[in-house]
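Asks: Got a structure for you, written out below as structure tokens; questions coming shortly.
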Amino acid sequence: MILAFKTAVSLTFRILRFCKLERSLLAALIAGWIPITALSQGSAGKIVVWGDNHAQQTNVPPTLQNPVAIAGGGYFCLALQENGRVVGWGDSDAGRLDIPSDLSNVIAIAAGAANGMALKKDGTVACWGSTYWGQTDVPGGLNNVTAIAVSDTYSAVLKQDGTVAMWGYFTDGDFHTPVPVFVPNDASNIVDIVAAPGHFVALRSDGTLSVWGGDYPVRTNIPPGISNVVAIAAGGGSTLIARRNGTVVRWGELWYGTSNEVPANVTNVIAVAAGEAHSVALERDGSVVAWGWNYDGQATIPAGLPRAQSIAAGFLNSLALIVDNSQPDQLLIRATRMNNLIEISFQTKLGRSYFLESAASVDSPTWRMEPIVPGDGATFTFRAVAQEAQRFFRVRTR
């Protein structure tokens, strides 16, 4: 969805373009306000898991109802149901599946090696599982959280003000000395975060990255020319990013004979996920592609896999959330302009993430990322003072 605000006072509405754009629709609003109904996305659907199954992690529980989000960890999987409850399956060792019985009103989930985390509608978090490194010891008073990430030995959250909070240790569990987690001074204006053993990746609002961690320069050194990033993932010793033009870049350690080269058929990518040594990408049309270490079939897409809404990866598994589009839901966006005050509001849906971006023109190669909006079922409202004669806004979903 793209909205164009102009200085001229008018209440006319017209479609400037009408096409698929990262699963949203492109339109324009000329001043004034008018409701826009768009963004068909489908209802809650089903989960497909493939790869290693020694802990039954590919066997999705038949009692799972209306999943809206997925996460993969160390031989276990998590799903968020439409009712705000979390379901887990697979390896139960170290408390991986000890989801608090009173956990409810969840809007996002994350899975680490042997621990899980949930973000609640009120901006607080809950953790469970292994606490050997203190990774499940949530700091007192933590609130205003908008995104979460967990790894094997630490946990992290993104706060509403664009800052990051972390607890635990950076370590790859191999030959390096554990290092207490820290947040560098340049980690500001953050809009998304991911965690991996020994290193952490944060996406800034301008499409650049901040990467930090233990003494693993091959992981934390960002390759030259990385910009216009829209999606991030990290797993094992590697980082994976998707750029606005749909291309993907991978860097880091090469485990199990893998390569940083991305297959030529990986194009038009809008989301990425990373396992221990394999990569997964979601293309704009809902197609899923995977590559890398394939010992357990984690990089082999199941035959006939329907188009996916979202993807995730565990150590040796890949996951896809398949949405039934037979009864599409709609996103109603209300946009207003009163003098120089711009206001955009829309109702969010549980399990979705919404990215509000703006640019000086529709064809601009550089879109400024406004707040990331976690779907919690509430109405989100963005307000800003117009400083230009014309500004375009768009909403992307994940």
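Asks: Going residue by residue through region 252-259, is there one that turns out to be under 27 Å from TRP212 (Cα atoms), in a strand (DSSP E or B) and under 18 Å from the mean Cα position of the chain (by Cα)?
Replies: Checked against the condition, which is being under 27 Å from TRP212 (Cα atoms), in a strand (DSSP E or B) and under 18 Å from the mean Cα position of the chain (by Cα), region 252-259 yields no hits at all.
Asks: Name the residue that is farthest from the chain's Cα centre (by Cα), counting only residues in region 194-206 that are at pLDDT 90 or above and not aliphatic (A, V, I, L, M).
Replies: HIS199
Asks: Moving on to the next point. Can you pull out the residues in region 221-251 that are within 22 Å of TRP293 (Cα to Cα) and assigned to a loop (DSSP other than H, G, I, E, B)? Explain how you work it out, then say what you get.
Replies: Residues of region 221-251 that are within 22 Å of TRP293 (Cα to Cα), as a first pass: 231-242, 247-251.
Residues satisfying the conditions are GLY236, GLY237, THR247.
Asks: While we're on this one: Determine, yes or no, whether GLY90 is of a type outside the set (Lys, Arg) and in contact with a helix residue (DSSP H, G or I) (Cβ under 8 Å, 6 or more places away or on another chain).
Replies: Working: of a type outside the set (Lys, Arg): yes; in contact with a helix residue (DSSP H, G or I) (Cβ under 8 Å, 6 or more places away or on another chain): no.
Taking the combined requirement at face value, the residue does not satisfy it.
Asks: Please give the number of the condition THR258 fails out of (1) under 21 Å from ALA69 (Cβ atoms); (2) surrounded by fewer than 24 Cβ atoms within 10 Å (Cβ to Cβ); (3) modelled with pLDDT under 95.
Replies: (1)
Asks: Would you mind stating whether ASP206 is free of Cβ contacts under 8 Å to residues at least 40 places away in the same chain and not aromatic (Phe, Trp, Tyr)?
Replies: Here the answer is no, as ASP206 does not meet what is asked.
Asks: Turning to a different aspect of this structure: Please tell me if VAL289 is touching a residue at least 40 places away in the same chain (Cβ under 8 Å), part of a strand (DSSP E or B), assigned by TED's automatic domain parsing to the domain that holds THR171 and under 22 Å from ALA110 (Cα atoms).
Replies: On the way: touching a residue at least 40 places away in the same chain (Cβ under 8 Å): no; part of a strand (DSSP E or B): yes; assigned by TED's automatic domain parsing to the domain that holds THR171: yes; under 22 Å from ALA110 (Cα atoms): yes.
Spelling it out, it is not the case that VAL289 is touching a residue at least 40 places away in the same chain (Cβ under 8 Å), part of a strand (DSSP E or B), assigned by TED's automatic domain parsing to the domain that holds THR171 and under 22 Å from ALA110 (Cα atoms).
Asks: Turning to a different aspect of this structure: Does any residue of region 237-245 turn out to be in contact (Cβ under 8 Å) with a residue 24 or more places away in the chain and at positive phi?
Replies: Checked region 237-245: no residue is in contact (Cβ under 8 Å) with a residue 24 or more places away in the chain and at positive phi.
Asks: If I ask for residues that are over 24 Å from PHE200 (Cα atoms) and polar (S, T, N, Q), which ones from region 274-303 would you list?
Replies: SER287, ASN294, THR300
Quick grid of which residues meet (1) surrounded by fewer than 17 Cβ atoms within 10 Å (Cβ to Cβ); (2) more than 22 Å from ASN53 (Cβ to Cβ); (3) over 16 Å from the mean Cα position of the chain (by Cα):
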residue	(1), (2), (3)
PRO100	yes, yes, yes
ASN115	no, no, yes
ASP137	yes, yes, yes
SER155	no, yes, no
VAL164	no, yes, no
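Asks: Tell me which residues, restricted to region 58-85, are of a type in the set (Gly, Ala, Ser) and within 18 Å of GLY377 (Cα to Cα). Reasoning before the result, please.
Replies: We begin by selecting, within region 58-85, every residue of a type in the set (Gly, Ala, Ser); these are 69, 71-74, 79, 84.
The answer is ALA69, ALA79, GLY84.
Asks: Looking at (1) buried (at least 19 other Cβ atoms within 10 Å of the Cβ); (2) touching a Ser or Thr at 6+ places or on another chain (Cβ under 9 Å); (3) under 20 Å from ALA273 (Cβ atoms); (4) of a type in the set (A, V, I, L, M, F, W, C), which one does VAL145 not meet, given that it meets all the others?
Replies: VAL145 satisfies every listed condition except (3).
Asks: Now, a different point. Kindly establish whether THR336 is at pLDDT 75 or above and farther than 25 Å from ALA290 by Cα.
Replies: no
Asks: Report those strands (runs of 3 or more DSSP E) wholly inside region 77-138 carrying at least 1 residues which are assigned by TED's automatic domain parsing to the domain that holds ILE311 and closer than 15 Å to ALA149 by Cα.
Replies: Qualifying strands (runs of 3 or more DSSP E): 106-111, 115-120, 125-129.
The values are calculated or read from the model by the stated rules, or taken from the named source; none is laboratory data. Remember, predicted model here, so these are calculated numbers, not experimental data. For neighbour counting, all protein chains shown are included, and Cβ atoms are generated from backbone atoms with ideal geometry for every residue, glycine included.
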